[in-house]
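As structure tokens, the structure follows; a few thoughts come after it.
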Amino acid sequence: MIRSFRQFTSLFVLLFAPLLAFSQAEKRPNIIFIFSDDHAYQGIGAYGNNIAKTPSIDRLAREGALFKNCFVTNSICGPSRATLLTGKYSHMNGYRDNGRTLFDTDQTLFSKELQKNGYQTAWIGKMHLNSLPVGFDYWNILPGQGHYYNPDFISQPNDTTRHTGHVSDLITQFSTEWLKERDDTKPFFLIVGHKATHRTWMPALEDLGAYDNVTFPLPANFYDDYEGRVSARDQDMSIDKTMRMKEDLKIDPDYQKDGLFRRFTPEQRKIFKAYYDKVAQEAKDKNLTGKALIEWKYQRYLRDYYATANGLDRNIGKLLDYLDESGLAKNTIVIYSSDQGFYLGEHGWFDKRFIYEESLRTPLIVRYPGVVKPGTTIEQFVMNIDWAPTVLDLASTKIPSDMQGKSFFPLLKAVDPKKVPWRNEAYYHYYEFPQPHHVYPHFGIRTERYKLVYFYGGADSWELFDMQKDPTEVSNIYGQKGTESVTKELKAKLQKLMIEYKDQEALKILAGA
């Protein structure tokens, strides 16, 4: 009798265990984090851009929640990815800049925590942390910055393979292939790390010239004179002086011969070269100088940038379509963000780094079917230290105590997010100096109305902006009569945040500022 019961039990387990496992996986949501590079929030339709063609990202915003104030803690590529993985500031996770520092994978990573909780994890695409992924069951990543055309990918155990095609298409292809082949008895977490829209901007062949009939309006502060702002004056990231005709705008015959063009297949090269030969001829015929040349460079920059973003958005659409067709969409959270913001001509710049709004703020959109009300807009200040604890919270996984961020899941599921108690300030600290763009290290605080910044390492100066009266941040009112009380209050709040986030180095600098 006992033997028969045991046989029955064994048969039951064999027959129904997969179904039970599948049921458990269904109860816990799958999560896909689409992480682009240098994609400016102000270059997205859902954030108010009427020129950009971003229907897929806009779709996510319509079907989910759009965060208007997502701020990074250090506006630069690698450190932002380190913050994503650790939920900690750069001074705590040890990855402050894009140098040759090896990312410490022995520390707490949210990917490891997800694995402990039964999630199947993968990272596909750009990682850019001078280390191989840890806490991921599967990975297929670009070495370093990677290439737009015919890029190399590194996969387990440590094999490097070159693949033919545009990097955005390949990342989507590899992501959907993994989704099809994964263990479907487990919930999954997938990072889709796109290279686009990082410099040097190289659109897919089908997107070449997509914006050639567009004349982009100059930002109001395009000809910023940087009065009263030492660091802004001394930077090396302007469209005028820093943007290179040869490498960035891709119109030099020698560069086409010896630069990134050498990775092309003959067919790719023929199409790409023919397009940029026309651009080079235009530059030669116009023979521009002064402001006319600066503005021509600006137009060319944005045409390449937005055309590259077209391919990014199209591939996001392909991934969303796959989720629909496979039936995964209903139980899969999709998060879209970028490693930081980017300048699209504001202050006359490209690149990031500064605490000024265009690089401090980054896009963030979350779609969670059945939980997040479609078309939700969230105004509260969230930060990239919040990404890791939020993912863990969404996956019903315990948040480690050493993570400095906090889950914004309460904002996502609230009937009225404005009624959820939340932070009112954001703390920022940037380090990389002097190369490659000569942006002085600085720290600061952003509140609803004001921004207070201290630049050190040679600049040694304060800046204060009234974001209501001066949203383009061109008027430094620090030290002006009438700002004494607000400055004192902001410095006290800044010090409090440094203590809260354990930034001892900044506290010492602040004491002598």
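The values are calculated or read from the model by the stated rules, or taken from the named source; none is laboratory data. Remember, it's a predicted structure, so these values are computed and weren't measured experimentally. Backbone-built Cβ (ideal geometry, glycine too); neighbour counts: all protein chains shown.
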Residue 344 in contact with a His (Cβ under 6 Å, 6 or more places away or on another chain) and not small (Gly, Ala, Ser): no
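If a residue has to be of a type outside the set (Ser, Thr, Tyr) and surrounded by fewer than 21 Cβ atoms within 10 Å (Cβ to Cβ) to count, how many in the range 180-207 make the cut? Spell out how you get there, then give the answer.
Within the range 180-207, the subset of a type outside the set (Ser, Thr, Tyr) is 180-184, 186-196, 198-199, 201-207.
This time we only want the ones that are surrounded by fewer than 21 Cβ atoms within 10 Å (Cβ to Cβ), so: 180-184, 186, 199, 205-206.
Residues meeting the conditions: 9.
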message: Give all pairs with beta carbons closer than 6 Å in which a residue from the range 163-175 that is closer than 17 Å to residue 202 by Cβ meets a residue that is assigned to a helix (DSSP H, G or I); count only pairs at least 6 apart in sequence or on separate chains.
response: 163/170; 168/311; 168/312; 168/315; 172/315; 172/318; 172/319
- prompt: Taking the condition in the same structural domain as residue 179 (by TED's automatic domain parsing), buried (at least 24 other Cβ atoms within 10 Å of the Cβ) and modelled with pLDDT of 95 or more, does residue 340 pass?
  reply: yes
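Which ones in the range 252-297 are closer than 30 Å to residue 226 by Cα and aliphatic (A, V, I, L, M)? Even if it seems obvious, please write down each step before you answer.
Pass one, the range 252-297, residues closer than 30 Å to residue 226 by Cα: 283, 286-297.
If the condition is that a residue be closer than 30 Å to residue 226 by Cα and aliphatic (A, V, I, L, M), then 283, 288, 292, 293, 294 are the ones that fit.
Can you pull out every residue in the range 158-202 that is outside any loop (DSSP other than H, G, I, E, B) and either more than 22 Å from the chain's Cα centre (by Cα) or over 27 Å from residue 331 (Cβ atoms) (or both)?
If the condition is that a residue be outside any loop (DSSP other than H, G, I, E, B) and either more than 22 Å from the chain's Cα centre (by Cα) or over 27 Å from residue 331 (Cβ atoms) (or both), then 159, 160, 161, 162, 166, 167, 177, 178, 179, 180, 181 are the ones that fit.
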query: Just checking, which of 460, 466 is over 19 Å from residue 513 (Cα atoms) and either in contact with a Leu (Cβ under 7 Å, 6 or more places away or on another chain) or of a type outside the set (Val, Ile, Thr) (or both)?
result: 466
query: Looking only at residues in the range 406-448 that are more than 21 Å from residue 93 (Cβ to Cβ) and of a type in the set (Phe, Trp, Tyr), which one is nearest to the chain's Cα centre (by Cα)?
result: 409
- request: Please identify the pairs in which a residue from the range 476-499 that is in the same structural domain as residue 465 (by TED's automatic domain parsing) has its Cβ atom under 8 Å from the Cβ atom of a residue that is buried (at least 17 other Cβ atoms within 10 Å of the Cβ) and basic (Lys, Arg), counting only partners at least 6 apart or on another chain.
  value: 476/229
- prompt: Hey, among 424, 476, which residue is part of a loop (DSSP other than H, G, I, E, B) and farther than 28 Å from residue 372 by Cα?
  reply: 476
query: Of these, 121, 164, 73, 101, which one is closer than 30 Å to residue 497 by Cα, in the same structural domain as residue 392 (by TED's automatic domain parsing), in contact with a Ser or Thr (Cβ under 8 Å, 6 or more places away or on another chain) and of a type outside the set (Lys, Arg)?
result: 73
message: What's the number of the only condition in (1) in contact with a helix residue (DSSP H, G or I) (Cβ under 8 Å, 6 or more places away or on another chain); (2) part of a loop (DSSP other than H, G, I, E, B); (3) of a type outside the set (Gly, Ala, Ser) that residue 241 fails to meet?
response: (1)
query: Restricting the search to the range 45-75, which residues are more than 26 Å from residue 373 (Cβ to Cβ) and either over 17 Å from the mean Cα position of the chain (by Cα) or surrounded by fewer than 24 Cβ atoms within 10 Å (Cβ to Cβ) (or both)?
result: 51, 53
message: I need the full set of residues from the range 96-114 which are modelled with pLDDT of 95 or more and out of contact with any strand residue (DSSP E or B) (no Cβ under 6 Å at 6 or more places or on another chain), in order please.
response: 96, 97, 103, 104, 105, 106, 107, 108, 109, 110, 112, 113
query: When only residues in the range 102-129 that are under 24 Å from residue 200 (Cα atoms) and touching a Phe, Trp or Tyr at 6+ places or on another chain (Cβ under 6 Å) count, which is surrounded by the fewest Cβ atoms within 10 Å (Cβ to Cβ)?
result: 129
query: Does at least one position in the range 383-391 carry a residue that is of a type in the set (D, E, K, R), modelled with pLDDT of 95 or more and outside the structural domain of residue 109 (by TED's automatic domain parsing)?
result: no
task: Tell me which of these residue 301 doesn't satisfy, since it passes every other one: (1) more than 26 Å from the chain's Cα centre (by Cα); (2) modelled with pLDDT of 95 or more; (3) crowded, with 16+ Cβ neighbours inside 10 Å; (4) of a type in the set (Ser, Thr, Tyr).
output: (1)
task: Evaluate the range 252-259: report whether one residue or more is within 27 Å of the chain's Cα centre (by Cα) and outside the structural domain of residue 369 (by TED's automatic domain parsing).
output: yes
task: Go through the range 427-449 residue by residue and tally those that are of a type in the set (Ser, Thr, Tyr) and either assigned to a loop (DSSP other than H, G, I, E, B) or surrounded by fewer than 22 Cβ atoms within 10 Å (Cβ to Cβ) (or both).
output: 3
- request: Can you work out which of the residues in the range 76-93 that are more than 12 Å from the chain's Cα centre (by Cα) and hydroxyl-bearing (Ser, Thr, Tyr) is nearest to residue 365 (Cα to Cα)?
  value: 86
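For every residue, the table says whether it meets (1) part of a loop (DSSP other than H, G, I, E, B); (2) aromatic (Phe, Trp, Tyr); (3) without any contact (Cβ under 8 Å) to a residue 24 or more places away in the chain.
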| residue | (1), (2), (3) |
| --- | --- |
| 322 | no, yes, no |
| 333 | no, no, no |
| 352 | yes, no, no |
| 365 | no, no, no |
| 385 | no, no, no |
| 391 | no, no, no |
- prompt: Picking from 210, 232, 292, which residue would you name as being more than 25 Å from the chain's Cα centre (by Cα) and either over 19 Å from residue 358 (Cβ atoms) or outside any loop (DSSP other than H, G, I, E, B) (or both)?
  reply: 292
